[in-house]
2 protein chains.
Amino acid sequence: MRKSPASTAPKPSGLDCRLAVLGTDARLTPHRREVFQVLAESTDHPTAYDVFDRVKGRSPGISLATVYNCLEHLTGHGLIKLVQVERAQARYCANIQEHVHFHCESCGSVSDAHPIKPLDPTHFWNLPAGSTVSHTEVAIHGLCPACATKKSR
Amino acid sequence: MRKSPASTAPKPSGLDCRLAVLGTDARLTPHRREVFQVLAESTDHPTAYDVFDRVKGRSPGISLATVYNCLEHLTGHGLIKLVQVERAQARYCANIQEHVHFHCESCGSVSDAHPIKPLDPTHFWNLPAGSTVSHTEVAIHGLCPACATKKSR
DNA sequence: ATTAGAACAAGAATGATTCTAATTCAAATG
DNA sequence: CATTTGAATTAGAATCATTCTTGTTCTAAT
């Protein structure tokens with residue numbers, strides 16, 4: 001089951017401007033758009049299967065394999081990020097601003113934390129001599145506000 | 001195939017002092033000792049299967065399931081650390097000093113980087129109000145010295 | 001209209017990890 | 001010394017996320 005992109009694509013929203021970067025070397029298909037929209041509307045860092053579940057409501061015929069394809073495509077084009085805080089399942093988020101992830105060790109939720117000031121890793125750690133840094137990934141583990149108050153009682 | 005711990009355990013080494021913490025609430029079985037020793041002698045952050053491969057030389061009868069059990073046990077007691085820099089496979093290291101991981105995006109190797117000064121995450125990121133931090137995990141991605149020189153030519 | 005290339009679907013395949021059930025052992029007890 | 005209890009261990013099955021394969025369908029260009 002497939003639709004024509006021009007006729008059935010959702011109305012452009014503020015987020016769609018980011019999709020414009022796909023213009024030249026990639027195609028913005030309805031499925032990719034739906035997957036991206038679902039992620040853009042989610043703050044809970046859904047897994048691939050979560051995304052599949054949510055996209056199904058809009059594109060009933062979509063398959064899990066296609067969701068994986070779309071996620072990989074969008075990740076490859078820098079429109080979404082892959083997050084891996086726990087052992088097992090990969091999670092995704094559409095927040096491509098500089099940020100780190102806060103992981104609650106009690107309920108397993110993941111939320112974003114935004115930078116106050118930039119961090120230069122070479123000021124804090126002795127990196128191997130001659131290495132080059134492309135990016136730094138930070139995951140802060142602890143208790144989210146809800147779990148912290150629950151535990152303190 | 002199992003051995004008596006007292007009779008066939010390897011001679012105590014400097015690292016064994018760390019195993020002493022297991023004393024009260026956990027048993028230091030030969031397998032657990034072997035798994036720990038293999039990790040203590042490795043600087044390349046082996047996967048569970050790598051550990052299995054290396055332990056087999058010393059304990060030929062050991063099973064992969066036992067290696068997983070031992071790794072989980074040692075991780076639970078804070079003797080080793082679980083590292084996850086890439087998508088798929090978990091890696092382990094016996095370095096429990098404060099350190100972060102440097103991941104080469106070209107060859108996939110993982111090495112340790114030690115801190116120059118402590119990092120307080122609350123100075124750098126706006127954490128959710130009311131949350132508590134237990135630890136911060138940092139992974140620095142880039143090119144290791146060998147791959148960096150290879151690429152620059 | 002034809003062709004080429006990408007997107008897609010379905011299900012198989014892979015691969016890491018966990019679970020299950022049965023066995024073996026160590027230490028404590030009678 | 002025999003028994004019991006509980007943990008360690010094993011092999012293999014099961015699970016689960018992810019990737020791969022194959023054939024089909026669509027879009028855009030020719």
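A:Arg87 sits among other residues whose Cβ lies under 15 Å from its own Cβ, and their net charge, with Lys and Arg +1 and Asp and Glu -1, is -1. For region B:110-118, the Karplus equation 6.51 cos²θ - 1.76 cosθ + 1.60, evaluated at θ = phi - 60°, returns couplings of 10, 10, 8, 10, 9, x, 8, 8, x Hz by residue, with Gly and Pro reported as x. Straight-line cross-link reach from B:Lys151 at under 14 Å between alpha-carbon atoms covers these aspartates and glutamates, not counting any fewer than eight positions away in the same chain: B:Glu105. Its Cα centre serving as origin, region A:22-153 has a Cβ charge dipole (Lys and Arg +1, Asp and Glu -1) of approximately 340 debye.
Other residues within the sphere of radius under 14 Å centred on the Cβ of B:Ser106, judged by their own Cβ, net out at +1 (K and R +1, D and E -1).
None of the figures in this text is laboratory data; all of them are computed from the coordinates on show. All values derive from a computational prediction rather than experimental measurement. Note that each Cβ is placed from the backbone with ideal geometry, even for glycine, and that neighbours are counted across all protein chains shown.
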